[in-house]
Amino acid sequence: MRRLPLCLLIILCQSVTADSPPLPAQPNILFVLTDDQGWWDLGMRGNKDIETPVLDQFAEESVDFTRYYAAPVCAPTRAGLMTGRYCFRTGLYNTRFGGDTLGINEITIAQVLKQAGYRTGCFGKWHLGKYAPYQPHLRGFDEFLGHYHGHIDEYDYPDQIVHNGKPVEARRYVTDLFTDAAIEFIEAGDDRPWFCYVPLNAPHSPWVVGTSHDGQARGDVLIAKYLKKGLALREARIYAMIDIIDENMGRLLETLRQDKLAENTVVIFMTDNGGVSRHYKAGLRSNKGSIYEGGVRVPLLVRWPKQFPAGGEVAAQCSHVDLFPTFCELAGAAVPDDRKIDGKSLVPLLRAGMGARHHDYVYHAWDRYFPNPDFRWAVSDQRWKLACQVARTGSAARVSADPQISSNKPSRSKWQLFDLQNDPGEKTNLAKAHPKTVDRLRVEFLRWFEDVTDGVTYQPVPIPIGHPSEPVVEIQPSWAKWQGKNIEYVFRGYDWDTIEGWKDKGEAATWNLDVLSPGTWEVELSYGRSARGGGTLRLSVGDSVVECSPPPTPTADVFERTVIGRLAIDKGEAILKAEVVSAHGTELIRLNRLFLRRIEP
Ligand SMILES: [Ca+2]
C-alpha cells in the first residue's frame, strides 16, 4: 500500500511534463547562493526566532526542494555548481592550500551560458581558484566583483576585493556591496538574456555585522534584537547577517519587479553547505563539514512565475550538481557530451512542482587532506543513508599543503545506517538490523568513489606565472610545502597567513610554479621581524638565486614589503624555494607573502 501513492506521483509528474507547452526560451537566471546558512536558518523551516520575511514569502512563490544536498563545505559545492560534476572529478579536493582550484579543463556553466548568448556576471565569493587563468572573469563571467578565497576578514569595509582580475578598494557592508553590483549588472541589460550569479559570502565567519563608520547603527540594532530573544552572541551575529541577506534578497526581487523582469527571470536561492548556527537546528544532526543531514542538506527554492507552480514541494533527493544541466536546459544549451556530468536537470520536477524520485543515489565525502573512502563519507537512496564520520586528530593549524593519504582502515563498526524517511534526525543506527542494505550502499559508495577519483591527481595546482592578465603574482604561504624542525604555516585568513619559525640552516618552504613564458621577475618580500631575531634568507628558482637580510619591522606581526632582487625563470614547471642561510634569536622572519613582478624584456 505504501508504494501506490509513489507510483501515482511519478505518473503524474511525467504526464504534467509531457503535456505541458514548451517553456519560454532563454529566461534570465538570478542565482543567489549564501555561505554557511543552514537548512534551519529560515523562518519557513519553523525557526521562530530568525526573521527572514522576504525569503519566507519567496518560498511561497517557489518550488521547495526538501531533500536537496550540497557538499559538506564551500569549494566542493561550488565546483559541483559550476560544472555539474562531483568535485573530485574536477581535481578540487580542499577549501585551502591551492586544493580549492577548479581544474583548468573543466567547463563552467558561465562558459556554456555565454556561448548560448547570455551576459554573465558573478558577484561575491568565487573560491575556485586564485590565480589567472583560474579566475572567474577568465572562466566565462563577463563581469566579476568579489573575492577568490574561502572568506575575507573585513565585512564592513571589505578586504581582498577584486574586479575582473584587478584588486580594488571598496566600502559598504559586503552583502550590500555585492547586491549593488548585481543590480547594476541586471540594469545594464541589453537584448541578451543574463545569468547573474550572486554567491554572497555571508553568514560565513568571522560573523562581522558592524558598521563602524556609520555609528554601528544597523549591526548593533540587529544583534541587540536577537540577544533580547535569548540567543548567544555568536548566534545573534549569524542571525543578524542573515537579516541583511534577507533584506538584500528583497532588493534583488524588487529590482526584477520594478524593471518588469520578474516573469522572465528564474530565481534560485540555495546555500552552499550545512549551517554553522546552533540555536535552532530543525531536528537535523550536526553542522557544516559533516556528512550528516545538518552538514549537507540545504534549502533550494526556485521561482519562475506562471511556469513553476508556486508552493510546489519536491521530496525527491536532488543534488547541487543538478543545477548545471538545469541551467543548460533553461538556456537551450547542450550539456557537454565529452565528459561525465553527474547532475540531472531539475526542470521536469520544477514544472510538476513535485516528484518523489530523481537520483537513485547521492554521495558525500570530505577529508580536508585527500579524497578518502573511509574517513568521512555517506551515500543515500530515497529512504536509507549509510554514513561514516571518523574524527581526525591533529592540529588544523599545521596542516600541510602536501596531501597525506590517511592511514584510516575501513571499519564496518563505524558505519551507521539511518532511515531518513522515519528518522531524518539520524538518531537511530539501524546498521545491525539491515546488513544487506549496509552492503548495498557501501558497494555503491565505493563504485562511485573509484569512478570520480579515477585518473585524477590531487595536488595544489602549480601557481601560474607569466599569464598576460596577471603581471604581479602574489605567492601565498598556504600554497607552500615546508620542511624543517621549527618552521610552520600559520593560518590567519589568507592575507595575514605566515610561514614562521625559521631557525635552522636549511629549513625551507617551496612552491610549485607553472611558468607560462620565460622572463625575469622582481621579487618583493612581505614579512615581519622582531629585533630579537634575524638572519639571511635565500630565494631561488633553479640556478637563479637572491639573498636578503631583512631589517626588523615594528613587531613580528607588522608586515612590511621590501624588494629583494630579481630571478630569471625559464618556461615550464619550476620550484620556488625560500630557505634559511643563517638565523639568530627568535626566528629569521615571519614570511607573509611574496610578490613576483614581471620585468618587461
Ligand atoms: Ca560555505
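FYI, it's all coordinate maths here, none of it is from the lab. Owing to the predicted nature of the structure, the values given are computational and were not obtained by experimental measurement. We place every Cβ from the backbone using ideal geometry, glycine too, and count neighbours over all the protein chains shown.
Quick notes
- When you restrict to C-alpha pairs under 8 Å that are six or more residues apart and normalise by the size of the chain, the relative contact order lands at 16 percent.
- Förster radius 51 Å - calculated FRET efficiency between residue 423 and residue 190, Cβ distance, rounded to 0.05: 0.45
- Nearest-ten-degree value, helix 435-453 long axis tilted from longest Cα axis of the chain: 50 degrees
- Once the Cα atoms are used to define both axes, helix 174-187 deviates from the longest principal axis of the chain by about 70 degrees.
- Ordering 440, 351 from the fewest to the most neighbouring beta carbons within 10 Å gives 440, 351.
- When you filter the GluC sites (Glu not before Pro) in segment 152-211 for DSSP loop state and at most 11 other Cβ atoms inside 10 Å of their Cβ, you are left with 169.
- Crossing angle, helix 233-258 versus the chain [Cα axis fit, 0-90 degrees, rounded to tens]: 70 degrees
- Global form of segment 317-370, assessed from the alpha-carbon gyration tensor, a/c cut-off 1.5: oblate
- Contact order normalised by residue count of segment 85-155, Cα under 8 Å, 6+ apart, percent: 29 percent
- Length gained when the stretch residue 504-residue 532 is fully extended (0.36 nm per residue, less Cα-Cα span): 8.5 nm
- Applying both filters, DSSP loop and at most 15 other Cβ atoms within 10 Å, to the trypsin sites (Lys or Arg not before Pro) of segment 520-601 gives 532, 571.
- Computed from label points 7 Å out along Cα-Cβ, the spacing between residue 472 and residue 104 is 2.3 nm.
- Counted charge near residue 204, where neighbours are those whose Cβ lies closer than 10 Å (Asp, Glu -1; Lys, Arg +1): -1
- Potential lengthening between residue 444 and residue 251 on full extension [0.36 nm per residue; Cα-Cα distance subtracted]: 65.1 nm
- Note on residue 458 and residue 485: the model spin-label points, each 7 Å out from Cα along the C-beta direction, lie 3.3 nm apart.
- In segment 463-599, the alpha-carbon atoms span a convex hull of 89 Å³ per residue.
- Using Cβ point charges alone (K and R +1, D and E -1), the dipole size of the chain about the Cα centre works out to roughly 1940 debye.
- Secondary structure note: in segment 30-359, about 35% of the DSSP beta bridges are antiparallel.
- Distance (nanometres) between label positions extended 7 Å along Cα→Cβ at residue 334 and residue 561: 4.7 nm
- Debye log10 I(q)/I(0) at q = 0.06, 0.07, 0.12 Å⁻¹ for the chain, Cα point scatterers: -0.33, -0.44, -1.27
- Förster-model FRET efficiency, 41 Å R0, residue 259 and residue 205, C-beta, rounded to 0.05: 0.75
- Shape class for segment 30-359: rounded, because the ratio a/c of the largest to smallest gyration tensor axis (alpha-carbon atoms, square roots of eigenvalues) is under 1.5.
- Cα-based shape type of segment 186-294, given that a ≥ b ≥ c are square roots of the gyration tensor eigenvalues and the cut on a/c is 1.5: oblate
- Share, in percent, of DSSP beta bridges within the chain that are antiparallel, nearest 5: 75 percent
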